[in-house]
Amino acid sequence: MSRAQSEKQYNVPTKDTRKPQGKRANRYVVFRPSEGEKAQIKADKTPFDKVVERLAAKVAFDAKLAVGFKPENSAFFVHLTDTSVHWEEAVTLAAWHANVDTAIRMLEFALRDRYAEFPDISALTVDEELAW
């Protein structure tokens, strides 16, 4: 093959076969506890290893747990993501707090109380309060 033919082969515009992204449903849900729920979480004296053990049971049932820190708002996050479906359809439940142990307790509480049917959950829109 001559050089001209070779270059011509690669200069042909390709057709973009990707489908345009439509608007997806909100798959990222943040647990924002009410004042009563905050009091319950603070009063919970369950040993921390038991709280983590309960979360581990969810992870073993097809979910991924991630813990991190976001310096922009000086808060820790704990995410639980459903891994039983394609990643574009996966639901993530998140809890944020200034203390990592409280964030973990919040997520565990959310899974026991408000979002017991995880991953079949819906979003609530309330302002975040990271330190309480």
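Coordinate-derived values only; no laboratory data. In this text, all values refer to a predicted model and were calculated from it rather than measured experimentally. Here Cβ is always computed from backbone atoms with ideal geometry, including for glycine, and neighbour counts include all displayed protein chains.
Selection of the stretch 81-114 for residues being aliphatic (A, V, I, L, M) and closer than 23 Å to ALA39 by Cα yields LEU93, ALA94, ALA95, ALA98, VAL100, ALA103, ILE104, MET106, LEU107, ALA110, LEU111. Number of residues in the stretch 56-80 that are within 19 Å of TYR115 (Cβ to Cβ) and among the polar types (S, T, N, Q) equals 0.
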